[in-house]
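The values are calculated or read from the model by the stated rules, or taken from the named source; none is laboratory data. From a predicted model like this one, the values you see are computed outputs, not experimental measurements. Neighbour counts are summed over all protein chains in view; Cβ atoms, including those assigned to glycine, are modelled from backbone coordinates with ideal geometry.
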Amino acid sequence: MVRRDLLTKTQGLSSKTQYPIPKTQNLRPKTQNLRPKTQNLRPKTQNLRPKTLLVTGGAGFIGSNFIHYILNEHPDWTVINLDKLTYAGNLANLADIESQYGLLNPSKDLVAKTQDLRPRYFFVRGSIADRELVDALFSGEYFAANSLNPNTQDLRPSIVVNFAAESHVDRSILDASPFIETNIKGTQVLLEAARTHWLGSKTQDPTSNTQDLRPNIFLQVSTDEVYGATEKGKFTEESPLSPNSPYSASKAAADFLCHAYWKTYQLPVIITRCSNNLGPFQFPEKLIPLAITNALENKPIPIYGDGLNVRDWIYVLDHCRALDFTLQKGKPGEIYNIAANEERTNLELIHRLLDVMDNPQSLIKFVADRPGHDRRYALDITKITRELGWKPLYSFEKALAATVDWYLNHESWWRQIKSGDYAKYYDRMYSHR
Ligand code: NAD
Ligand code: TYD
């Protein structure tokens, strides 16, 4: 049972934050309300040609925020979302997108939502490691063969944004195999398909101006965790990779493959490495949504070790904006770090969260540490701010308030998750800790 007294208290508190809070009925974050109004904070669109994006892992946390963001920002762009729907993939994250931009009834009546508006969103269930499926998507045959393209749009993707991944460090410690399959093999399958369909048998002339390689972009969404941990200073894009967990090792391997496809074939790959995200739709195995939802259920909040590990937090919409800047202004072959310079120890973070939610600090429970737990991540973001003109717009305080508010207003979303297989995972992970 939810403690109504807690909910009332937290709702009152979150409104004190003077944050523009979306009062939505549906699951969609009101990005238009959350976005700052100023025009010049968006990337200047360089190439206005309509684009078809293959977004992988779009039913997960960051991918679903990105699809909302991109379809709102770019009225002439189309998104194909390829997602395997693992435990972390949730079509409820995109229910409003499906009804607003998708096909009226994807399984039977293959008509666009309105006669004059072509669908701009297509969902395909499948794995990025399935070469046949990925090839059929790149060639456009998938839609022709399944009569899923009533308006005979050109649905061959010119851009790939690869979010699809096994993403949780703790799960990678329990079993690394799915991380190898998706994060490494899956990325290689996508790279190979992009090479085959975009470049054919040729490689690009390495002496040509890299800008000529537009409009194709393969954007690999990577993580700060590939650099490993540091007690002092910040990682730049030149820092050596030194991953410590099976998760970060698999992401680093994917980054190396991306680099190799750029160097060997001049496939126009860009890698972004972002710090820890918070925001709507995050699966409650990760620290912040786990803590918010546990607090709402008056359950202990497990803190690993001494709680002094440091993470640098960024609001998910700032990450999505940075990816949009990168697609429009980033250079093929380059790497861009993305972060908001908001470092907190886990303990500081949870103390602040419990304050914002008006819950007692006594909910904190120190538990056994994560094996190989990275002490601190920190990124230097000079390159993306100077070269692409991006900067984060959300302070940690605003991001935290917006995130708490979203979980308060979407109780059925997280309760559905927590009552399913998640309960078994939670028990396995925390009951003997
Ligand atoms: P998530 O776990 O919430 O979502 C992952 C999505 O990928 C899910 O929808 C899942 O169904 C899908 N997926 C998994 N295996 C697949 C496969 N083989 N084929 C197709 N789809 C598959 O992850 P997230 O937190 O949204 O992270 C997205 C990406 O961003 C990941 O690549 C992650 O490494 C990276 N990243 C995440 C963070 C963060 O703080 N969450 C920070 C930096 C980078
Ligand atoms: P997490 O959200 O899993 O992200 P990552 O490991 O990719 O940084 O964890 C964030 C931090 O919180 C990390 O230092 C581990 C810690 N943590 C806890 O203390 N307790 C928890 O229950 C979880 C899930 C994480």
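Hey, among the residues in the range 59-95 that are acidic (D, E) and more than 8 Å from ligand 1 (Cβ to nearest atom), which one's nearest to I314 (Cα to Cα)? Per the stated criteria, the residue is E73. For the range 334-382, a residue qualifies if it is surrounded by fewer than 18 Cβ atoms within 10 Å (Cβ to Cβ), in contact (Cβ under 8 Å) with a residue 60 or more places away in the chain and under 30 Å from L53 (Cα atoms), and the qualifying residues are D380, T382. Those strands (runs of 3 or more DSSP E) of the range 208-311 in which at least 2 residues are within 16 Å of ligand 1 (Cβ to nearest atom) and of a type outside the set (K, R), considering only elements entirely within it, cover 217-223, 269-274, 276-278.
Somewhere in the range 180-197, is a residue closer than 14 Å to T52 by Cα, assigned to a helix (DSSP H, G or I) and aliphatic (A, V, I, L, M)? Scanning the range 180-197 turns up at least one residue that is closer than 14 Å to T52 by Cα, assigned to a helix (DSSP H, G or I) and aliphatic (A, V, I, L, M). Annotation: of all residues in the range 219-235 being of a type in the set (A, V, I, L, M, F, W, C) and within 19 Å of the chain's Cα centre (by Cα), the one that is nearest to T326 (Cα to Cα) is L219. Considering (1) without any contact (Cβ under 8 Å) to a residue 12 or more places away in the chain; (2) surrounded by 21 or more Cβ atoms within 10 Å (Cβ to Cβ), the lone condition that K232 does not fulfil carries the number (2). Note on the range 89-133: among residues that are among the polar types (S, T, N, Q) and modelled with pLDDT of 90 or more, the one that is surrounded by the most Cβ atoms within 10 Å (Cβ to Cβ) is N93. Considering only residues that are within 16 Å of ligand 2 (Cβ to nearest atom), among the hydrophobic types (A, V, I, L, M, F, W, C) and assigned to a helix (DSSP H, G or I), which ones fall in the range 131-179? Within the range 131-179, V169, I173, L174, F179 qualify.
Table: residues versus (1) within 30 Å of A92 (Cα to Cα); (2) more than 16 Å from ligand 2 (Cβ to nearest atom); (3) touching an Asp or Glu at 6+ places or on another chain (Cβ under 8 Å); (4) of a type in the set (V, I, T).
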position	(1), (2), (3), (4)
T223	yes, no, no, yes
E238	no, yes, no, no
S245	no, no, yes, no
K251	yes, no, yes, no
F256	no, yes, no, no
F281	yes, no, no, no
